[in-house]
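Just below is one structure, and these are the notes that go with it.
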Amino acid sequence: FTTRVVSCRAAELQPEGGGEPVPGFQVVLEDTILFPEGGGQPDDRGLIGDVPVLRVTRRGPEAVHFVPAALEPGTEVLLSLDWERRFDHMQQHSGQHLISAIAEQMFGFKTTSWELGRQRSVIELDTPVVTAEQVEALEKSVNEKIRDRVPVTVRELAAGDPEIETVKSRGLPDDHVGPVRVVDIKGIDSNMCCGTHVSNLSDLQVIKLLGVEKGKKNKTNLVFLAGNRVLKSIEQSHSTEKALTSLLKNGPGEHVEAVRRLQSSVKLLQKNNLNLLRDIAVLIARDFKSKPAPRQLFVLHRKEGDSEFMNIIANEIGTEETLLFLTVGDEKEAGLFLLAGPVEAVENLGPRVAELLGGKGAGKRGRFQGKATKMSRRGEVQALLQDFISHQKPES
């Protein structure tokens, strides 16, 4: 589409995922084929000449194109559209109109809002419950309409046209000017809408309702895919199925039962492993206590273990006279730690130990435990504890 640059001014774009603003320019053209975000639909992407359009927003009657390079006002430019993105949005948006219309006709469920997401789309229905049977019946009905090849048309009504009152709408934007755009699905729906749509329901190919989720304030979210997104979902599911077939050494129909058996085996192994760890903890503690000369400091690191393992050792040894520094996890990465001993010593040393290990912790009654991100600094902690002990008075 050939058009002309009207204005260009420096601006910044806030990335959708957060982060530092991107410097660039806001460009207004005489006319555009790129849809600015609105009505639940994201914006289009494309090129102005060879300059990529990173965002399109609406400012009153104008579409504002954000680009990384300046464009000279008055210049004639060729505007091109990312068609794959546009057609995907057309399928999802027309799919939403169809689902919303049929849901209201069949069950009286009104649509209060919707969102066209990157992976899936969601329609908010004004009802606290949608049953599985209703979802199934709704999916069957909308796909019948697709197979009926129902036309979808767009018309514009003058702002004062009385026919506007007969068209479904959630209200016009406060800054709306000009005619009112109406999207009609012949014999099914007539809806005020600014978005992009297919010209026939057959272009939707197929709609898959993925199910419902609890919404806000007694509403229900209906999740759906339309068109090419259904095909991509099937492709992804098929790839997963093939991988599982290879891993589990059985057919797709046996995958669920095979995973159940694996889960049961893992739970049994975990239970046995915990019992062994408890036994090891008791043996470690008894071995320490059996030594003829009592020691004031006990240090232990074990790759396998958990908080319970460390606390069993502390319970068995006793912490009235001995200071214990116990750690579990990867020796060079992250893990858990426990400092146990006389209350005053632990209160004094606990925060310093956590700081050395690059972690966080909390404690009470002579125990301070938490997570560590720098387990490799255990030696520094041990040196700190030995220094502390060496400076204690004999009577202490």
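The values are calculated or read from the model by the stated rules, or taken from the named source; none is laboratory data. Note that the structure is a prediction, hence the values are computed from the model and not measured. Every residue, glycine as well, gets a Cβ built from its backbone with ideal geometry; the counts of neighbours run over all protein chains shown. For the accessible areas, the whole protein counts, side chains as well, though only heavy atoms, and no ligand, DNA or RNA atoms are used. Shrake-Rupley method; radii C 1.70, N 1.55, O 1.52, S 1.80 Å.
So here's what we get for this one:
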{"quantity": "Set Arg295, Arg352, Arg365: member being on the phi > 0 side of the Ramachandran plot and open to solvent by 50 Å² or more (accessible area, probe 1.4 Å)", "calculated": "Arg365"}
{"quantity": "Given (1) at positive phi; (2) surrounded by fewer than 18 Cβ atoms within 10 Å (Cβ to Cβ), number of the condition Gly305 does not satisfy", "calculated": "(2)"}
{"quantity": "Glu304 vs. criteria farther than 23 Å from Ala103 by Cα and in a helix (DSSP H, G or I)", "calculated": "no"}
{"quantity": "Residue in the range 106-129 that is in the same structural domain as Lys217 (by the TED database), modelled with pLDDT under 90 and open to solvent by 50 Å² or more (accessible area, probe 1.4 Å) present", "calculated": "no"}
{"quantity": "Wholly within the range 1-94, strands (runs of 3 or more DSSP E) carrying at least 1 residues that are open to solvent by less than 40 Å² (accessible area, probe 1.4 Å) and within 30 Å of Lys208 (Cα to Cα)", "calculated": "46-48, 55-59"}
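Condition check ((1) in a strand (DSSP E or B); (2) in contact with a Lys or Arg (Cβ under 8 Å, 6 or more places away or on another chain); (3) assigned by the TED database to the domain that holds Glu104; (4) open to solvent by 50 Å² or more (accessible area, probe 1.4 Å)) across all residues:
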site: Leu209; (1), (2), (3), (4): yes, no, yes, no
site: Asn221; (1), (2), (3), (4): yes, yes, yes, no
site: Phe224; (1), (2), (3), (4): yes, yes, yes, no
site: Arg229; (1), (2), (3), (4): no, yes, yes, no
site: His238; (1), (2), (3), (4): no, no, no, yes
site: Glu241; (1), (2), (3), (4): no, no, no, yes
site: Leu244; (1), (2), (3), (4): no, no, no, yes
site: Leu247; (1), (2), (3), (4): no, no, no, yes
site: Asn250; (1), (2), (3), (4): no, no, no, no
